[in-house]
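Written below as structure tokens is the structure these notes are about.
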Amino acid sequence: MIAPCMWRSWEAQKDELRSFLHRRLADAPATEDVLHEVFLKAALQGGQFCQIEHPRAWFFQVARNVVADRHRRGRVFEPVPDDLPALSQETSPVEALAQCLPQALATLAQEDRDALEHCEIAGMTQRDYAALRGLSLPAAKSRVQRARAKLREILVGQCGVRFDKQTGQVCCHVPQDARG
């Protein structure tokens, strides 16, 4: 049974909802289908519909959700062509990156490689690294930063590493054989 409060709210909103839906769908039968679906969702609320503080807002939110669901269901997906070459499973991207990182480190100057091996790989603090190498703390920090920048260039150019533009973190890796 439809709650009287729901029926009154529906009668007050259905014409505005119909206009709202028609602007989004531009198809009269689809508009009526969605309008009917919104009505059914409201009717299924039964007496609980009377507890809704803002029934107009509820109707419009449900209508937006139904339209979004219809758009998602209506997406057309192209089948994957049969002649699409399969990705090689011989080396995973993680394995390829693990192989490329030592090669990238090896191309760095000894001073840069030393700074990264101690501070980034072995976990030594830059203060301790400065003391170990007889450098001032600012000089040690500068050396580590310079080495990071050089390694980053090598990882992008030779290893296919890509960085997220917002966070600066590694977001993906395209192995050499997949880049063509």
Ala43 open to solvent by less than 20 Å² (accessible area, probe 1.4 Å) and touching a helix residue (DSSP H, G or I) at 6+ places or on another chain (Cβ under 9 Å): no
Residue count, segment 140-151 (criterion: more than 14 Å from Arg113 (Cβ to Cβ) and surrounded by 13 or more Cβ atoms within 10 Å (Cβ to Cβ)): 3
Pair list, Cβ < 7 Å and 6+ apart or interchain, from segment 29-44 residues that are more than 15 Å from Trp58 (Cα to Cα) to residues that are open to solvent by 30 Å² or more (accessible area, probe 1.4 Å): Thr31/Arg18; Thr31/His22; Thr31/Leu25
Of the criteria (1) farther than 30 Å from Asp27 by Cα; (2) modelled with pLDDT under 85; (3) under 25 Å from the mean Cα position of the chain (by Cα), which one Glu153 fails: (2)
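With respect to Arg148, is the statement that it is in contact (Cβ under 8 Å) with a residue 12 or more places away in the chain, part of a helix (DSSP H, G or I) and over 36 Å from the mean Cα position of the chain (by Cα) true? Talk me through it step by step, then tell me what you get.
Working: in contact (Cβ under 8 Å) with a residue 12 or more places away in the chain: yes; part of a helix (DSSP H, G or I): yes; over 36 Å from the mean Cα position of the chain (by Cα): no.
For Arg148, the condition - in contact (Cβ under 8 Å) with a residue 12 or more places away in the chain, part of a helix (DSSP H, G or I) and over 36 Å from the mean Cα position of the chain (by Cα) - is not met.
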Checking Asp69 against (1) of a type in the set (D, E, K, R); (2) open to solvent by 100 Å² or more (accessible area, probe 1.4 Å); (3) within 30 Å of Leu25 (Cβ to Cβ); (4) modelled with pLDDT under 90, the condition it does not meet: (2)
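The values are calculated or read from the model by the stated rules, or taken from the named source; none is laboratory data. Given the structure is predicted, the values throughout are model-derived calculations rather than measurements. With ideal geometry, Cβ positions are generated from the backbone for all residues, glycine too; neighbour counts draw on all protein chains shown. In case anyone asks, the SASA skips ligands and DNA or RNA and just uses the protein heavy atoms, side chains included. Shrake-Rupley method; radii C 1.70, N 1.55, O 1.52, S 1.80 Å.
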